[in-house]
1. Using only alpha carbon positions, build the gyration tensor of segment B:35-150, then give the equivalent ellipsoid semi-axes as the square roots of 5 times its eigenvalues, largest first, whole angstrom.
2. Suppose we look only past 13 Å in the calculated P(r) of segment A:2-77. What percent of the Cα-Cα pairs does that tail hold?
3. Three principal axis extents, largest first, for the C-alpha atoms of segment A:93-161, in Å?
4. Apply the membrane-span-like helix rule to chain B: whole DSSP H runs, Cα extent along the own long axis of at least 30 Å, mean Kyte-Doolittle hydropathy at least -1.0. List the helices found.
5. Roughly how compact is segment B:136-203, stated as its Cα Rg over 2.2 N^0.38 Å to two decimals?
6. Partner chain Cβ atoms within 10 Å, averaged over the residues of A:148-154 - can you pull that number for me?
7. For chain B, take every pair of Cα atoms, bin their distances at 10 Å starting from 0, and report each bin as a whole percent.
8. Grab the beta carbon distance between B:A206 and B:A180, set R0 = 25 Å, and tell me the FRET efficiency rounded to 0.05.
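Bear in mind these aren't lab numbers, they're just calculated from the coordinates by the rules spelled out. Keep in mind that this is a model prediction, so the values were computed, not measured. Methodologically, a virtual Cβ is constructed for each residue, glycine included, from the backbone with ideal geometry; neighbour enumeration extends over all protein chains shown.
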Amino acid sequence: MKLRESGTRRQFEVEVDRGGSVIEARLDGTPSELVNQTLGDGAMLIECGGSRVRAFAAVLRDSIVVSIGPQSFRFTPLLESRAGARRSLTTPILTAPMPGKVLRVMVVEGGLVEIGQPLITMEAMKMETTLSAEGPARVKRIAVSEGQMVDAGAVLIELSPLDSSKPQSDH
Amino acid sequence: MSARKIKKLLVANRGEIALRIIRTARVMGLQTVAVFSAADAAMPHVTAADEARPIGPPEALLSYLNAAAIIEAALASGADAIHPGYGFLSESPAFAAAVEEAGLTFVGPSAAALSAAGDKVGARQLARRVGVPIVAGIETADIASARSFAAANGYPIMIKAAAGGGGRGIRVVVAEGALASALEAAAREAQAAFNDGRLFIEKYLARPRHVEVQVLGDAHGRVIAMGERECSIQRRHQKIIEESPSPGVTPALRARMIEAAVGLAAAVGYQNAGTVEFLVEGEGFYFLEINARLQVEHPITELRFDCDLVALQLRLAQGEPLTAPSSPRGHAIECRIYAEDAGNDFRPAAGPVAYLQLPAGPGIRVDTFLTPGIEISSYYDGLLAKLIAYGYDREEARRRTVSALGEFMLTGVLHTASFLRDVVASERFARGDLSTGFVSDFLPAWSPPEESIKAAAVLAAVAAQAGPAGTAPRARPAAEDSRGRSPWERLGPLNFGSRR
């Protein structure tokens, strides 16, 4: 499966071959082993970077959260397109990364957006956060309006990704 | 201030500070009343108090900032005093006045002192009168005055909100071209945040330290100081690591700063606990502002002076006189763990507390409201926990901090514990080479170790396959199935990866 980590914005292709006390997996094609011991409280004791550390993983509604000691990570599964061919990096459905208020919607339905273009500004915890396009796309649908409160994971905008390698014929 | 014995205290706040105040009140034999918004009904501060009253919907403006609802809750519950904590209504002169008008005791300074401290322009003028140094600046912010100030003093300059706080309404302008738009944006932000668009301008100090002095005043005109706190490690103009004493303040500078802080507090007839903030460059210091409330970072002062500042606040509110503080000892460091994605420019995070392990050990104190199963929502400030370490000297406090942050584990919400650990463990922090530019120097080269990211990716994939996202009710430990076995056992020797 393909996972994207939110802090580092890195993507991983992970195939788990074997569970148990030694997890065997292929990470971006490279075989890796993880020694782990299940603890009474549902956490694991793993060997990582030459030392033993507690770890915990939980599946949430829209993501998978993992702690390695004090480090926290959030992974989002990425969908692969129909033919199995990789799409451009654009996540086709933009969801709210946290619950909050939609302050501004900066695009219109049917409009074209470029990589990095601001799409929507949300307010959460007294702070503004602007979500931007991860790749070239057409705005298929805007699911929210300004001033609306949304839950984490709520669909904000649906995009139709454009293949960045092809010239955009619809200009 | 109505000076009489408090019997029942309403705590007009939430999160770790509400819990912390309730604990001291309980020790002092007071009855406690919690208030809560609709989002907080099951929060630990609500269950910790003797009684609890709803004050409105989740939005802070309609609940924790709803002065009328809070005073009504106090009267209905028979409370005789209100402690505002920090943030929310703690520095509102109108709230303090309304509390006193309702016949209740406000645990904090008088409305007049709050007004004097809250108006940063007025406070600057006061400092000038009392002879406390201030950063070069002007108290008007029209474009023409701003241009001529910048021409005389050079860029960069800093635009600030007269009613400011929490880093809002602040803009740094590096060149003339950006001046007009920065003035407009700062005024807009200040208007939205404080309902007061007035601005002032200061010369921008590039690498200052941020050092503050704890002061306390009683109803009999006495003002004392309880040492200083170094608060230079900040992001978005908000502190994330504080320590006491400051590693960069000499005894001579400390004495001058304490004299200035006490003089300023006395000049406004300050009662109760407050903090006078300064910027420090070399042996020079400049008055920044008065924070007329209990500070987030008050525990480091408590550990060094072996006192309970909330208990002192309650005694001062009852009209009791101040006594001389004990001599400070040792060193204390506080790290604020926020619900934020440090790798993504400290973007706010939210989610359930699916797994929690809090640090402990000699010299370690954790002030938090975290409890397994609660939901961290985006309605309020993202402070999750404060880790406070005390040591015989700075190095012991620093090593205890690094070790304890390594024990902190919270799954479900992204948080800053490992970032803080890496800062405190860094050679530069160990040297005490601190400035307000520390985080922006440190962050670009910071990332979690490669092995951790990879291990996390593998565990995420295992968890996803064991319990597909979407079927989970809300938060579910991936490590257990319905029969309590871990997926690692359940999966055993199976091959379950999707094969191609």
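1. Sorted largest first and rounded, they come to 37, 17, 12 Å.
2. Result for the distance tail: 71 percent.
3. That works out to 30, 19, 17 Å along the principal axes.
4. Membrane-span-like by this criterion, though nothing is claimed about a membrane: none.
5. Cα Rg divided by the expected 2.2 N^0.38 Å: 0.98.
6. Numbers: counts 0, 4, 1, 3, 7, 1, 0.
Average neighbour count from other chains, rounded to a whole number: 2.
7. In order of increasing distance, the bins hold 4, 18, 28, 27, 15, 6, 2, 0, 0 percent.
8. It comes out at approximately 0.65.
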